[in-house]
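Take this structure first; my questions come after.
The values are calculated or read from the model by the stated rules, or taken from the named source; none is laboratory data. This structure is a prediction, so every number in the text was calculated from the model and none was measured. For neighbour counting, all protein chains shown are included, and Cβ atoms are generated from backbone atoms with ideal geometry for every residue, glycine included. Heads up: the accessible areas ignore ligands, DNA and RNA and are worked out on the full protein's heavy atoms, side chains in. Shrake-Rupley method; radii C 1.70, N 1.55, O 1.52, S 1.80 Å.
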Amino acid sequence: MKLASLKSGRDGRLVVVSSDLARCAPAADAAATLQAALDDWPRAEMALRAIAERLAADPSFGEPFHETACASPLPRAYQWADGSAYVNHVELVRKARNAEMPESFWTDPLMYQGGSDSFLAPRDDILMPQDDGFGIDMEAEVAVIVDDTPMGVAPDAARERIRLIMLVNDVSLRGLIPGELAKGFGFFQSKPSSAFSPCAVTPDELGAAWRDGKLHLPLLVRYNGEPFGAANAGVDMTFDFGRLIAHAAKTRPLAAGSVIGSGTVSNKLDGGPGRPIAAGGVGYSCIAEIRMIETIENGAPSTPFMKFGARVEIEMLDEGGANVFGRIDQRVRQSV
């Protein structure tokens, strides 16, 4: 089942979307918003699946689905916590700084709590007051939305709390991160609003691609119209979503509608750093990673961060080539 929120008010208008992303049908009889559905999932899911079944059986049912009309599935959320499940990415960051990576990073996930009060729509511009010195970067990731999750949940039980899966562009301002981290109090200004894919899908919609708390499909990134990344989200994921959820819930319960991110999807190549797609690799999910590899190999980065007018597209295709979540498609623009 695929769900989306059309732009309407603060929290959108929930619709059920056909598997081919061609049509949608209003879900008001089941729940007015996605958060309302998550708050009463056992009842709402049954009603939503009935709508999805009718969409699948009756080609005349529903109305055309336009991704440009979508907000993020949750236009705002009670919680957005982003992990760093691909330790290869973290290792490259530290190697580029000639810093040793603590051994604990392989056994204890990194995670930060991001702002969740103003998610961007999947086709919204990334608005910034300036592009000089901010180090504007995209981070292509997978994210899950959980049901009410108790404190101290075990990873196996945490996987059962996953209700929906989606893609995310976790925008980062690399130029501001070092100064913020040096204060010893974490990210804030360096992590502006993120954008999520037009659709959030239930795990069963993904078939065999969803297993062991991981999504085993390539995450496709195009940058300024050119292929930039195709890392497989199920490969080199040190911590599956069960581990990430359990980490987030170690000392607190998670409310229905909490969003947990995977961190930047990153694959190794023959045990070493990845290569650009043009060089036969699977590319990258953020600019910072290619800059790290350039630093390791050449002593300095050569790929600039995003400037005004830069465009990023993020999507995922199933094994048959069909788009699963719809496409994130954003340009960096100067705020007025």
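With everything on Cα atoms, drop me the angle between helix 87-96 and the longest principal axis of the chain, reported from 0 to 90° to the nearest 10.
Orientation of helix 87-96: about 30 degrees from the principal axis.
Could you work out the relative contact order of the chain, using alpha carbon pairs under 8 angstrom and six or more residues apart, expressed as a whole percent? Please list the in-between numbers first.
Values: 831 pairs, mean separation 75.7, N = 336.
After rounding, I find 23 percent.
Go through Lys250/Lys307; Lys191/Lys250; Lys7/Lys307; Lys2/Lys307; Lys7/Lys268 and tell me which ones have a Cα-Cα distance over 31 Å in this structure. Walk me through the numbers before you get to the answer.
Working: Lys250/Lys307 39 Å; Lys191/Lys250 24 Å; Lys7/Lys307 27 Å; Lys2/Lys307 34 Å; Lys7/Lys268 38 Å.
Lys250/Lys307; Lys2/Lys307; Lys7/Lys268, as the Cα separations exceed 31 Å there.
Fully extended, how many nm does the chain gain between Gln79 and Arg331 (0.36 nm per residue separation, minus their Cα-Cα distance)? Write down the numbers at each step before the final one.
Values: separation 252, 0.36 × 252 = 90.72 nm, distance 2.55 nm.
Length gained between Gln79 and Arg331: 88.2 nm.
Using a 1.4 Å probe on the protein heavy atoms, what percent of the accessible area of the chain belongs to carbon and sulfur?
Result for the chain: 51 percent of the exposed heavy-atom area is carbon or sulfur.
Okay, next question. If I fit a long axis through the Cα atoms of helix 287-298 and take the longest principal axis of the Cα atoms of the chain, what angle between them do I get, 0 to 90°, rounded to 10?
It is inclined by approximately 20 degrees.
Using the basic label-point model (7 angstrom from Cα toward the beta carbon), what is the Asp204 to Asp132 distance in nanometres?
For Asp204 paired with Asp132, the spin-label model returns 5.6 nm.
Taking the highest mean first, how do the peptides 104-110, 296-302, 121-127 order by number of other beta carbon atoms within 10 angstrom per residue? Mind showing how you got there, number by number?
Values: 104-110: 13.3, 296-302: 10.6, 121-127: 20.1.
So the order, starting with the most tightly packed, is 121-127, 104-110, 296-302.
Report the FRET efficiency, 1/(1 + (r/R0)^6), for Asn224 and Ser302, where r is their Cβ-Cβ distance and R0 is 22 Å, rounded to 0.05. Spell out each step's value before the answer.
Working: r = 16 Å, r/R0 = 0.71.
In this case the efficiency is close to 0.90.
Any chance you could give the angle, 0 to 90 degrees and rounded to 10, that helix 41-57 forms with the longest Cα principal axis of the chain?
Relative to the chain, helix 41-57 is tipped by roughly 80 degrees.
Accessible area per residue, 1.4 Å probe, Å², for the chain: what's the number? Kindly include the intermediate steps, with their values, before the conclusion.
On the way: 14480 Å² over 336 residues.
Ligands and nucleic acids excluded, the figure is 43 Å² per residue.
Once you put a point 7 Å from the Cα of Glu53 and another 7 Å from the Cα of Leu269, both along the Cβ direction, what distance in nm separates them?
Label at Glu53, label at Leu269, 4.8 nm between them.
In whole percent, what relative contact order does region 135-192 give with Cα contacts below 8 Å and a gap of six or more residues?
Values: 79 pairs, mean separation 23.3, N = 58.
This gives 40 percent for region 135-192.
Taking the square root of 5 times each eigenvalue of the Cα gyration tensor, what semi-axes in Å does the equivalent ellipsoid of region 151-308 have, largest first?
Its equivalent ellipsoid spans semi-axes of 28, 21, 15 Å.
Something else: Provide the gained length on full extension for the span Val235 to Ser60, in nm with one decimal, where the gain is 0.36 nm per separating residue minus the Cα-Cα distance.
On the way: separation 175, 0.36 × 175 = 63.00 nm, distance 3.98 nm.
Between Val235 and Ser60, full extension yields an extra 59.0 nm.
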